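The values are calculated or read from the model by the stated rules, or taken from the named source; none is laboratory data. Quantities reported herein were computed from a predicted structural model and do not represent experimental measurements. Glycine also receives a Cβ, built like all others from the backbone with ideal geometry; neighbour counts cover every protein chain displayed.
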Amino acid sequence: MLPESARGPYGEVLVEERAQAATALTEGRQDGRRLGSPLCPACGEPLTSSRARFCEACGAEMDPAATGSLPFRPTAAPAPAPAGTACRHCNGQVGACGYCDTCGLAALEPVAVDERGSMAVATHRGRRHARNEDAAALAITGEGWPVLVVADGVSRSTNPHLAASGAVHAAAEWLEGRPFTGTGSLAGAVAAAQRAVRDVGHVDDPARSTGDTRAACTLVVAVATDRDVHVANVGDTRAYLLQACASTSGATDANETPGTWTVTQLTVDDSVGHALTAWLGTDAPDPPIHLTTRPAAPGDVLLACSDGLWNYAPDGPALGRLTGETLGPPPTAVPTPVPLPVPEIPPEHPSVSPAEACARLVSWAIDRGGADNISVALARIPVLAAGQAPAASTSDRSRREEQHDHQ
Amino acid sequence: MTTSEPTGEAPFATEVFLNKYLEANTGAVDAIVTVTAAGTVSPATGEPGELEETGAAAEGRIAGRSDQAEVVIIDHSGSMYPHRKMQQARDAAAAAVDCLDEGVAFAVIAGNHRSQMVYPSEERLAPATEETRGAARSAIGRLQAEGGTAIGAWLDLARELFDSTRAPARHATLLTDGINQSQGPDDLTVAIEASQQVFQCDGVGIGTDWDVEELRRITHGLQGSFEFIRDLEDLVGHFRSVISVSQSRIFPDVKLRLWTPKGATVESVRQAAPEVTDLTAGAVPYDEMTSDFLLGGWAPGETRDYHLRIQVPPQEAGERGLGGHVALVLVNGEVTPEVPIEVEWTDDLGLSTQIESHVAHYAERAKLTGSIQLGTKALREGDEETATAQLGRAVQIAKDLGDDEALGWLYQVVEEDPRTGAVRLRKDRDKGDEMDLDTKSTRTTRLPKASREEQEEGGEDDQKPEDDQDDSRDDS
């Protein structure tokens, strides 16, 4: 039996392996804790964010190299909307406990956003679902390439939020700081995710009155190098490549108007109509994994998202228009090179920052109805400075060997 | 299930129990609100004990005995003469006066088709001292039975006396043996309504000529309850008890303030325990979304449960909101922190169709009360067939609830055929038995704390038979 404290934000019992699998920093800690925050290596208390500079509890300074390597995980419990904000439903005001003083309806919690370098991710439960069963993570390979991971928990299954959370975390950890070998790396990441989802124990899900199906989720892993994009997916979470229409990267969409974005879907939907046909989890021992590679160029944008977004913009032109409205027009000149890896990036671009873009896209989907959980992750194609070669592997061989042992 | 933590802030603690999941596109909210006054209940007798000097409950309570006003109202209509009723009533009134603490403002009224001061002779309250008590006892001793019954006039006089005092805790004890025949029901209604928010009234019925529903209407309308004293030897003891309980109510004139969102309707607010009373009609509007419900005075440690039914505008699945929030308003105007009634709309019928254990318990008790009252009403109308059916159902519900006390009341009037088990009316029952059952029909027992906690952890619908050690204070 897990101790009383080992309950997640929805009252679910945290699987002990889940808590321990969190990060290397948690080695030795036995008690469960909320998913969503790394721990201080000095005192073990949760840090305020994956990129905190100091531990709030003991004051220890965080090594950016250590904490910066932790993948983003969405906030586990939605933070209430601050008092004083306008109510979405009526003309009233949101009061102190997060409910409108007039109509009593709860304000939607704010969109959870995180960013890292030239990448960002935003996620929200939408309007109709009680909890967010999407998850997303960001990572950076050994060479400094951005990695986007998005998973969508299958609603019918038990503890889909734990499946999604476990999957993105495992996939991001697999790729973090390691040399990227294309298809092999992607396959390894998906396999790690599959193991994590199958590890989600058969525990009671307080938000499910019925259901004995095991935890399941979809997955997309998308990596951008300086010259191409690599994507793996299972299920119906998608990744797109957004390119300036004038680019010569072989876009197939019909919309050829210069100054707009051309959108190419990189993933293959495992669905018939709206019915999912493949997913990760115990009930799907051998899901097909779709692997795609496409050339890309600086100025292009890699986008990964769950169906909470693309259901409202299902085809290329629709998404292209949406992207134009959100990101602004595509750049006409090659962006300024910035060395890799990049913990912070000064906003030199005139266009919208990735974090802002992700937040806007999620809000757009909420406004369109928010019928499902929404997650959007975005990365700009990295640019190498003149003379800079893609970095050789910086991770040590022993770690690589250790990981290989797990396969 | 959603339960809120007891707020624990002096001087009252409030908890809300309900199934927070509403079916999408519906809006019926059913919640139980438990209110507990600070302080301790004496465990031996269940009688409220002294307030511990926690220092936490400084506001909203009386400062001293002069903050309390008691009026004793004695029926001296002609019908009181036979069977020593008048004699016993005089003794009871005298005993009540003797029980008054030093400094309490008091008066004794006698009522028939009019009302008159017994003590003091002028229309005012007097502070209780050895001298005034003695004078009151003498005046009471001279009271004679004569005339009709117009209870409204008695209430009017009591109200005038209470209007003349600044004491915040105001309580009257009313004894009657007959129905309000010298006055129309509307006049009585007017008198009751005028007295609301002025004083709290407990009632006693003696003999079998008074009307149970009438006395219930008067006392429940004035935040009190009533008792049927069948054996006149018990009258003195009962009056002492009523006064004693009243004097222990150091938190006078408490109100339940209920806010509901715009577009919502308050369908009903009922006290569910220790007695079933309907507070809905007595709501005092505070603002366009808030109403106050009069709860009367509270003794330390006292706890009562309320059943709220609210209809909120329906929402789609995924929306979260408030069905309302509750707070308590104390006599000094202080308002306790609001406790939210949180709801969440869902498509999952498995979640929205569950019934929270407190709500289920009181729904069952309401059925029991209803069956008993329909049965006694049928008896009054001579409809034995309906009475048998309703009281038979009541017996079954009482058995399902494990309520032996209620079964005892029922068995005064019905019995079970030893062969078939069928319930039938007792041939040896009398009017007093039927009135007693009617009087007791609105008593309820609370879900005992132990089985409450078990049910919260274990499941939703299992109806454990509760123990019968309810908080049965001597009612007043």
Please work out which residue is farthest from the other protein chains (Cβ to nearest Cβ), limiting yourself to region A:92-124 and to residues that are crowded, with 21+ Cβ neighbours inside 10 Å and charged (D, E, K, R). A:R116
Is it true that some residue in region A:139-159 is surrounded by fewer than 24 Cβ atoms within 10 Å (Cβ to Cβ), within 14 Å of chain B (Cβ to nearest Cβ) and part of a loop (DSSP other than H, G, I, E, B)? yes
Report, by residue number, each residue of region A:355-382 that is under 16 Å from B:E319 (Cβ atoms) and free of Cβ contacts under 8 Å to residues at least 60 places away in the same chain. A:D367
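Yes or no, residue by residue, for (1) at pLDDT 95 or above; (2) within 22 Å of B:N332 (Cβ to Cβ):
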position	(1), (2)
B:K20	no, no
B:A31	yes, no
B:A37	no, yes
B:V41	no, no
B:K85	no, no
Take B:A69 and decide whether it is of a type outside the set (V, I, T), modelled with pLDDT of 90 or more, more than 30 Å from B:G205 (Cα to Cα) and buried (at least 18 other Cβ atoms within 10 Å of the Cβ). no
Subset of region B:333-373 that is over 27 Å from A:A130 (Cβ atoms) and hydrophobic (A, V, I, L, M, F, W, C) - its residue that is nearest to the other protein chains (Cβ to nearest Cβ): B:V335
When you scan region A:222-237, do you find a residue that is modelled with pLDDT under 90, over 21 Å from A:G324 (Cβ atoms) and crowded, with 16+ Cβ neighbours inside 10 Å, even just one? yes
Here the residues within region B:181-208 that are among the acidic types (D, E) and in contact with a helix residue (DSSP H, G or I) (Cβ under 6 Å, 6 or more places away or on another chain) are B:D187, B:D202
Filtering region B:67-85 down to residues that are farther than 20 Å from B:I109 by Cβ and out of contact with any helix residue (DSSP H, G or I) (no Cβ under 8 Å at 6 or more places or on another chain) yields B:D67, B:P82
Look at B:T376 and say whether it is within 14 Å of another protein chain (Cβ to nearest Cβ) and at pLDDT 90 or above. no
Would you be able to say whether some residue in region B:138-145 is farther than 19 Å from B:S79 by Cα and buried (at least 24 other Cβ atoms within 10 Å of the Cβ)? no
If I ask for residues that are in a strand (DSSP E or B), out of contact with any Ser or Thr (no Cβ under 6 Å at 6 or more places or on another chain) and surrounded by 22 or more Cβ atoms within 10 Å (Cβ to Cβ), which ones from region B:308-325 would you list? B:L308, B:G321, B:L322, B:G323, B:H325
Counting only residues in region A:289-312 that are among the polar types (S, T, N, Q) and in a loop (DSSP other than H, G, I, E, B), the one nearest to A:A278 (Cα to Cα) is identified as A:S306
Identify the residue in region B:268-277 that is part of a strand (DSSP E or B) and either surrounded by fewer than 23 Cβ atoms within 10 Å (Cβ to Cβ) or among the β-branched types (V, I, T) (or both) and, among all such residues, is nearest to the other protein chains (Cβ to nearest Cβ). B:V269
Residue check, A:R127 against (1) facing chain B (nearest Cβ under 8 Å); (2) closer than 16 Å to A:V154 by Cα, all met but one. Which one? (2)
When residues of region A:277-308 are filtered for being crowded, with 17+ Cβ neighbours inside 10 Å and under 16 Å from A:S155 (Cα atoms), how many remain? 9
For region A:329-350, check the following and say yes or no: at least one residue is of a type in the set (G, A, S), at pLDDT below 85 and surrounded by 17 or more Cβ atoms within 10 Å (Cβ to Cβ). no
Taking region B:312-332 and keeping residues more than 10 Å from chain A (Cβ to nearest Cβ) and either closer than 23 Å to B:L294 by Cβ or in contact with a helix residue (DSSP H, G or I) (Cβ under 9 Å, 6 or more places away or on another chain) (or both) leaves B:V326, B:A327, B:L328, B:V329, B:L330, B:V331, B:N332
Those residues of region B:385-441 which are aliphatic (A, V, I, L, M), buried (at least 16 other Cβ atoms within 10 Å of the Cβ) and in a loop (DSSP other than H, G, I, E, B) amount to B:V413
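Yes or no, residue by residue, for (1) among the small types (G, A, S); (2) touching a residue at least 60 places away in the same chain (Cβ under 8 Å):
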position	(1), (2)
B:L410	no, no
B:V414	no, no
B:R419	no, no
B:R429	no, no
B:G432	yes, yes
B:D438	no, yes
For the structure I just gave you, tell me whether B:Q247 is modelled with pLDDT under 95 and not hydroxyl-bearing (S, T, Y). yes
What tally of residues in region B:167-187 results from selecting those that are β-branched (V, I, T) and either under 25 Å from B:P252 (Cβ atoms) or surrounded by 19 or more Cβ atoms within 10 Å (Cβ to Cβ) (or both)? 2
